[in-house]
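Structure first, then comments.
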Amino acid sequence: MINDLALLNNVNMSKSKRKLEYQDLNEDKKLQDEVVVYYHNKTIRWLDENEEFKKVKKHLKFIKSTNGLNFIKTALKLYIKKYDAKWYELRDDINYDNVKEYIRKHLTTI
């Protein structure tokens with residue numbers, strides 16, 4: 001019985017020493033790239049079809065370029081910094097409209 005308790009105690013100790021490691025999704029470059037491409041494609045569609053973007057539609061050609069992709073990435077980084085958001089939160093219902101409006105306003109600075 002004492003040997004059984006000692007063995008059980010060793011099992012509990014080894015479990016407690018084991019550390020759980022989680023991946024920080026906010027630092028995941030693949031996720032960041034996916035979100036940038038998602039909003040790049042959305043911005044192209046908004047510029048083409050959305051009345052709210054009528055005043056900045058002249059930037060459609062720029063947005064379709066590689067520089068436009070970089071512009072969206074920079075805008076998203078600024079949004080994250082300003083509103084203390086996370087990359088994985090940008091496509092959820094809470095942030096979607098806010099990001100859309102932020103990109104529209106950011107396009108007026110070009």
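Every number in this text was worked out from the coordinates using simple rules, so none of it is lab data. A quick note: this is a predicted structure, and the numbers were derived from the prediction, not measured.
Given N residues in the range 25-107, what is Rg(Cα) / (2.2 N^0.38 Å)?
Taking N as the residue count of the range 25-107, the ratio is 1.02.
On full extension of the chain, what length is gained from Thr109 through Asp93, given 0.36 nm per residue of separation minus the C-alpha to C-alpha distance?
Taking 0.36 nm per residue and subtracting the Cα distance, the gain is 3.2 nm.
What full-extension length gain, to one decimal in nm, is calculated for Lys29 and Leu60 as 0.36 nm per residue of separation minus the Cα-Cα distance?
8.5 nm
Which lysines does Lys86 reach when only Cα atoms under 22 Å apart count, and residues fewer than 8 places away in its own chain are ignored?
Candidates past the 8-residue exclusion: Lys29, Lys30, Lys42, Lys73, Lys77, Lys100, Lys105.
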